[in-house]
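The values are calculated or read from the model by the stated rules, or taken from the named source; none is laboratory data. Predicted, not measured: the structure shown is a model, and the values here were computed from it. With ideal geometry, Cβ positions are generated from the backbone for all residues, glycine too; neighbour counts draw on all protein chains shown.
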Amino acid sequence: MTSAYGIDFGTTNSVLARVTDGRVETLPLVDEIPAAWADLGFDRVLPSAFTVDNGAPVFGWPAKTRTGRRVEAVKRLLATDDVVEADGVTVPVEVAGALLLRQVRRRVDQLGGEPLTRAVVTIPANSRGLARARTKLAADLAGIEVLALINEPTAAALAHARAIAADQRVLVFDWGGGTLDVTVLQAVEGSFIERSSMGIQRLGGLDLDAALLAAVEPYVPAAAGWSPEERDLFRLNLELGKIQLSTEKAVDVLLPDGKVALNVARNFLENAIAPLLERAREPLEVCLRESPGRIDHLVMVGGSSRMPAVQRFVAGIVGVDPNTEIDPMTAIAEGAAIAAGVLQGTVTDVDFHVGAEHALGTVARDDVTGESRFSVLIGRNTKYPARTTQVYTPVQDFQEEIAVLVVEGHPDKPLDHEDNVLLADWLIPLPEKRPLADSAVEITYEYDVDGILHVVVRDLATGQAFVDEQLAPGAGRDSAELDDLRRQVSSWV
């Protein structure tokens, strides 16, 4: 009996699903959960929180509900930070991610069944190269072979695949704890083809929590004198209240003393988050514009998408009511498990294809303006796997070296815009001083099915490869650094 595993490595919560004999199930990742959270459907999720207690790692609910220094949103940090600090202990971000994923793997061993040694792992559709590579590395450090990294919206569509007819179009609105992604997919001959995709990296439930906290604090004068631990406890209580307001008109949120409560109404929450919700309009409209035509299915996933105001807002723009057949908290993991089944050959009635959410290119000089510009090799929405080769020449005759930069982002924005990310760069000495006509280099970019990049820079005249590197799974780490990361993971009991 072969099982196919899918992991939704979420910003705030992680979920594990598997397909066995054609049946999809989500697995309980914890034995105990605070009662108030269990009632809200969190009984099968593991908070992506991590801390250290007397030198031992603590995960999930014990870490999330512990006031003081802890690490939350480890996945969001994979895109931005090199290290995290938990209770005074500094840990490389890949190690923190690996420890969380190792906890998921150990949970499978406790539950029984086929061991979790390989899986499909999901990432946000707008996840850039560094975050993708670090996610794959974290899984590798945890002893999990990544069959594929697939975009969360694609996984969500796969979870609904059997309800979607041929040639129908699906808009997936994925609003979880850390990111917002909008993707339009089309069902073509059993596959889901990504037609357009756009996201906002740092806009999720964490940001909604911060907005609600800022709106509430003026009504709690005592907040100015709270300790960090008291503020942390109130933030957690307020997060719980926010979730309860998806089904209740008003809730009482306990203050840190546990005795006095603050009554918060749903319309107060909706007013507090309205500016953030409005930011979702652009990716929705861009995706609908880039992939015009009727939307047959609206799939909304992620905890933030359960809010009534969010559902009204999205349905009003798309013109379709959301599909509610599958729990938005578990749909992504279920779809990832189906994708794993496809790759392992145990699921044969669906397939999937994914594409580049960002353009990928290098930096070249514009012949007309003389300014540096984003030269695209692989365009946005190009289907994986993809391979492109272009020829470039040095700026001047008899040049001694050239700089080759790998850039991911938006070519229509200024090169130094924050959305344009430098993934790698090399300063390459040329073998001899030659005129321009004899100095051309050939640059090849190749994306594999995971969206992991392989770069080759070759001397066109001699065929010599100046660069031949894959930008994963090491994410810029050399072999000694990778060995050190493995030792660090092994050192944690």
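Brief remarks follow.
- A search for C-beta distances below 7 Å between a residue of the stretch 322-346 that is within 16 Å of residue 123 (Cβ to Cβ) and any residue that is of a type in the set (Asp, Glu) and assigned to a helix (DSSP H, G or I), counting only pairs 6+ apart in sequence or on different chains, returns 332/152.
So that you can scan it fast, the table gives a plain yes or no per residue for (1) small (Gly, Ala, Ser); (2) crowded, with 21+ Cβ neighbours inside 10 Å; (3) outside the structural domain of residue 301 (by TED's automatic domain parsing):
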| residue | (1), (2), (3) |
| --- | --- |
| 137 | no, yes, no |
| 149 | no, yes, no |
| 163 | yes, no, no |
| 172 | no, yes, no |
| 196 | yes, yes, no |
| 211 | yes, no, yes |
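- For the stretch 156-204, the candidate set comprises residues that are among the acidic types (Asp, Glu) and not in a loop (DSSP other than H, G, I, E, B); within that set, the residue that is modelled with the highest pLDDT is 174.
- Subset of the stretch 421-433 (residues that are assigned to a loop (DSSP other than H, G, I, E, B) and either touching a Lys or Arg at 6+ places or on another chain (Cβ under 9 Å) or at pLDDT below 85 (or both)): 431, 432, 433
- Scope the stretch 435-476; condition among the hydroxyl-bearing types (Ser, Thr, Tyr), at pLDDT 90 or above and surrounded by 16 or more Cβ atoms within 10 Å (Cβ to Cβ); matching residues: 444, 445
- Condition check for residue 325: in the same structural domain as residue 180 (by TED's automatic domain parsing), closer than 24 Å to residue 13 by Cα and surrounded by fewer than 17 Cβ atoms within 10 Å (Cβ to Cβ): yes
- The stretch 37-52 residues that are assigned by TED's automatic domain parsing to the domain that holds residue 64, paired with ones that are part of a loop (DSSP other than H, G, I, E, B) and of a type in the set (Gly, Ala, Ser) (beta carbon under 6 Å, 6 or more apart): 48/10
- Any hit, the stretch 330-343, residues being among the polar types (S, T, N, Q), surrounded by fewer than 17 Cβ atoms within 10 Å (Cβ to Cβ) and in contact with a Lys or Arg (Cβ under 8 Å, 6 or more places away or on another chain): no
- Scan of the stretch 236-249 for residues that are out of contact with any strand residue (DSSP E or B) (no Cβ under 8 Å at 6 or more places or on another chain) and surrounded by fewer than 15 Cβ atoms within 10 Å (Cβ to Cβ), ordered by number: 247, 248
- Taking first residues from the stretch 83-108 that are more than 15 Å from residue 58 (Cα to Cα) and partners that are among the hydroxyl-bearing types (Ser, Thr, Tyr), the Cβ contacts under 7 Å between residues at least 6 apart in sequence or on separate chains come to 83/90.
- Residue 386 being touching a strand residue (DSSP E or B) at 6+ places or on another chain (Cβ under 6 Å), modelled with pLDDT of 85 or more, over 18 Å from residue 458 (Cα atoms) and assigned by TED's automatic domain parsing to the domain that holds residue 454: yes
- Enumeration of residues in the stretch 7-24 that are charged (D, E, K, R) and either at pLDDT 95 or above or closer than 16 Å to residue 146 by Cβ (or both): 8, 18
- For residue 379: the one exception among (1) farther than 25 Å from residue 153 by Cβ; (2) surrounded by 13 or more Cβ atoms within 10 Å (Cβ to Cβ); (3) among the small types (Gly, Ala, Ser): (1)
- Members of the stretch 380-408 found to be in contact (Cβ under 8 Å) with a residue 60 or more places away in the chain, within 28 Å of the chain's Cα centre (by Cα) and not in a loop (DSSP other than H, G, I, E, B), listed by number: 383, 386, 387, 404, 406, 408
- Pair list, Cβ under 7 Å, 6 or more apart: the stretch 206-223 residue over 12 Å from residue 272 (Cα atoms), other residue among the β-branched types (Val, Ile, Thr): 206/12
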